[in-house]
Amino acid sequence: MSVSAILQSKNTESAIMASEGQLDMSDPEALRSELEAAAPTLWKDLSAKAKSWTSTVEVRLRKDPSSAYPKTFNDPIWGDIVLFPWETLLLDSQLLQRLRGVRQLGMAHMVYPGAGYDRLEHSRGVVEAAERMVRSLERNAVFRRKFGKDRDDAVPQVTDHDVNSIRLAALLHDVGHGAFSHATEPLLRARLESEFDAARDVLRNEFEGVTAIAPAEVVSSLLILSNPLKTVFEHPHFGATPRAAELPLSICGRVLGSRSYLDAKYLSGVISGPLDADKLDYMARDSHHAGLPIGLDLHRLISKLEVVTVTPESTSNPEMQRRAREAKNQRYHEIGISLSGLGAYEQMIIARVILYDRLYYHHKVRSAEAMVRRLIRLAEEERGSPFSLQELFFDLPDDSVIAILGGGLKQDGFSAGGSRCKSLAAAITNRDIYYRAFAFAPRFIAGLRGLPEADRRDARAIQWTTVLNELSTLAGCDQVADQIYQKAKALIDRIPALVKTDLPLLSEHIVVDLPIYKAPVRGGDILTRTEDGYVAPPHLFFDPEKWSQAYEHQKQCGFVFTPRQYVKAVGLSARIVFYDRYQLVMDTAADRASKTAGEIKNEWLLEAAKHGLCSADCSDAYRQDAVRLVQIRISDLEQAIPEDIRRDKPDLAKRLHSEFAYAIPVGIAPSLHKVVVDGIRHLCLFLINMQRCGEFVNLTALDEKKDLQAKLKSHLVAREAKVIEGSEVGGGETDLVLSDELVIENKVIRTGTLSPLSVGNKFSWQARRYAIAIAQRIVFEVVAYKPSDETAIFPIADCIAVSPLPFGSSTMAAVRFVIPWGHSVPSHAKKPA
């Protein structure tokens, strides 16, 4: 669609929409009220910001700028960019001009000097990218209506309202960013986490097809929907569209990638989608300014976009078939890419992953951004109060914000930090960026050499999950950083050789950073259409999803950063903390990744152990290349034990974890790990069922095979567990074997006892023999016991215990589950004599 076409008469729009039945009906005021109720502080603060940032727009609108003319801007990526009068009104306001001081790439200019461009430049570029995408799609829609075997007269017309809402969304999509762009986004959310979540839920309920919403997108949406922006959009002199009341909803829907409030709904992904104007501009602009050629073919990508018609007959995807059946005329339309454009699409997929590796996740960039986040938190600590949301949206350039936080500049009404902030701000300004002291990644996990490949893969996944769960949040990273700081201080006191400076190590000198991969590559995110009209995800020349995952596994790496003079102390401390916290040892490849190879001496671990700052196990683990298996973690047990039992004994998982660690400190094979965790879940539920139904109450006799084993087998089969009865193993016959790997011995104690968890030592000897025969380190024992009196009838949480198997080897363990039998019904319970 040309610029002249955008300016054509709007008289036919309502008729087009009415004929196609595409009008979205909603009450904007009801949505505003709902957002205000869900997130009152967010709504109030952002409305105040919107009022301040658009005050000049209101003044200019009173003067009737209808005689204004579109403006043309020169751009290094797109050439000429044209903005319409209503767009330049917003562009000239502080709402957008403040983005002139917000660097698009955060602190990347510390590594790539040319990568210091701002979000205002990017926002203008997204307008042009969106314009070209819409133009290409509308041209293709005309072709779809007139040509081809599968011509489709029902392809919706693109209205002026669609075009102008898309262009305005492109211009405003980044207004939710504060200083340093994505570097401070987690801090922003942390201030009002519950309100961000509540506002996100309201937006997801309002806008069709929206799932994940980033904090900056929540802020952008609330600003766009705010009353000050409503006043601007509905002003008779604004002039973007006669459907002014619907405009905020349409713009917000485009920012979030929704199908709501669009006439041509296939345009929903133009601003936020798998192949959108935002990505096209920032990828091209980032590579240009950073000097990283990535071979992105913008012209071909855009020219090969097309409108895809989905009917129940044109696809085999059940969800797409359902949507088509429910749509008007049993068809709907999506953005797609032609078969001849797949090469350019593959090029974009590869380019994006490479940009994350080379630019966004460069270790110095991450270190600098972590220092900025630490500076903000330190300023809050030194001034004694957290920054409000309004304070975090500085109306100043990023460099000025650093100077204000460090006390070098003064801002009226703004209280910053003290001497420590001054020092940290100076380090950032002078590019005294923290160094890598410790690297951690799945590929660096030591102690897996000699295991089969499948076990190595499973072990990495099991051990890395805990690290990922904890360090995927700022709070988790801060907690580990503080633990490393405390340990490092103690180490410095005891081992003077660790540092060569008299300057004290401070908490802000240690930051932990683990990048969470935000560029998942899925080849099926966009559709293509074959010559016979069949619609499906494209069959690319390679599997981008597997390629991307493999790339991520090889590249994702966390670091502990610190000033150069503390690298040895902090590196040693991080080794100890990661062992104590996660039972993880990183190999020599991790030292090479952090450039600390040979700097941290093994004798320091021995000295730390001598002073009680490091366990002997930790010291041995780093000095010996022994195979280390995986542990049963507290989180595993919390997932396995039903809530009913955990509620009765909240510390049960912690107790069993300690018992596992004592009984089998070397851990277990990764292949057995899931079987054990699943087995604990199955048998806990078995204990609950047996207690509730009272199957073994008042019995005078109980048979191990016919009664106990039969009940347990039936329970496991009902839960779809793989269980085998009576296997020939080691010259004997087992009771039950779970998933071919876990022996379950069923025994009955026929004499009265008060301690069923410890009697019957011969049971463990038998179980041990079977475990040895199948080369496993854990067995389960299900023991039915006759209680001596009422005190021997325990709560379920006390009916489970882990203990070493006989022979004192500390390499095999038995998990025992006990069930009472032969006792009286509850109504006959008597107090023990």
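Couple of notes before you dig in:
- Nearest 10 degrees, 0 to 90: helix 363-383 Cα axis against the chain principal axis: 90
- Ligands, DNA and RNA left out, the 1.4 Å accessible surface of segment 634-828 is 52% carbon and sulfur atoms.
- Within the chain, the longest run free of chymotrypsin sites (Phe, Trp or Tyr not before Pro) that sit in a DSSP loop with at most 12 other Cβ atoms within 10 Å is 148-540.
- Debye log10 I(q)/I(0) for segment 362-433, one point scatterer per Cα, at q = 0.16 Å⁻¹: -0.50
- Loop-located trypsin sites (Lys or Arg not before Pro) across segment 35-125 with a Cβ neighbour count of 15 or fewer within 10 Å are LYS63, with loop assigned by DSSP.
- Computed log10 I(q)/I(0) for segment 82-134 at 0.16 Å⁻¹: -0.54, from the Debye equation with unit scatterers placed on every C-alpha and solvent omitted.
- All C-alpha to C-alpha distances of segment 25-293, sorted into 5 Å bins beginning at zero, yield P(r) values of 1, 6, 12, 17, 19, 18, 13, 8, 4, 2, 1, 0 percent in whole numbers.
- Within the accessible area of segment 303-351 (1.4 Å probe), percent carbon and sulfur: 47
- Accessible surface of segment 25-293, 1.4 Å probe: 51 percent of it comes from carbon and sulfur atoms.
- Placing unit charges on each Cβ (+1 for Lys and Arg, -1 for Asp and Glu) gives the chain a dipole about its Cα centre, and among CYS684, PRO496, CYS618 the Cα reaching farthest toward its positive end belongs to PRO496.
- Seen against the Cα atoms of the chain and their longest principal axis, helix 474-494 is set at about 60 degrees.
- Taking each DSSP H run with n ≥ 4 as -39500 (n - 2.57) and averaging over every residue of the chain yields -14500 deg cm²/dmol at 222 nm.
- Cross-linked pairs LYS568/LYS595; LYS51/LYS279; LYS364/LYS489; LYS649/LYS706: Cα-Cα separations exceed 23 Å for LYS51/LYS279; LYS364/LYS489; LYS649/LYS706.
- Taking the C-alpha atoms of segment 380-469, convex hull volume expressed per residue in Å³: 166
- If the chain linking LEU339 and ASN469 were pulled fully straight, counting 0.36 nm for each residue of separation and taking away their Cα-Cα distance, it would gain 42.8 nm.
- Sparse-neighbourhood loop sites, trypsin sites (Lys or Arg not before Pro) in segment 433-509 - DSSP loop, at most 16 other Cβ within 10 angstrom: ARG449, LYS500
- SER714 paired with GLU603, simple spin-label distance in nm, labels 7 Å along Cα-to-beta-carbon: 6.9
- Radius ratio Rg over Rh of segment 634-828, counting only Cα atoms, Kirkwood formula for Rh: 0.93
- Charges were assigned to the Cβ only: +1 to each Lys and Arg, -1 to each Asp and Glu. The resulting dipole of the chain about its Cα centre is roughly 1420 debye.
- Between 0 and 90°, nearest 10: helix 160-172 axis offset from the chain longest Cα axis: 60
- Mean projection area, nm², convex hull over Cα of the chain: 42.9
- Here the label points at SER385 and ASN689, each 7 Å from Cα along the C-beta direction, are separated by 6.0 nm in the simple model.
- Contact order for the chain, expressed relative to its length and based on alpha carbon pairs under 8 Å spaced 6+ residues apart, stands at 9 percent.
- In the full protein context, the chain carries 42 Å² of accessible surface per residue, based on a 1.4 Å probe and ignoring ligands, DNA and RNA.
- Selection from ALA170, PHE147, PRO186 lying farthest towards where the dipole of segment 136-190 points positive, charges on Cβ: PHE147
- Reported value for segment 603-683: 99 Å³ per residue, from the convex hull of its C-alpha atoms.
The values are calculated or read from the model by the stated rules, or taken from the named source; none is laboratory data. For clarity, every value in this text was computed on a predicted model and none was experimentally measured. All Cβ positions, glycine included, derive from the backbone under ideal geometry; neighbour counts span all protein chains shown. Heavy atoms of the whole protein, side chains included, go into the accessibility calculation; ligands, DNA and RNA do not. Shrake-Rupley method; radii C 1.70, N 1.55, O 1.52, S 1.80 Å.
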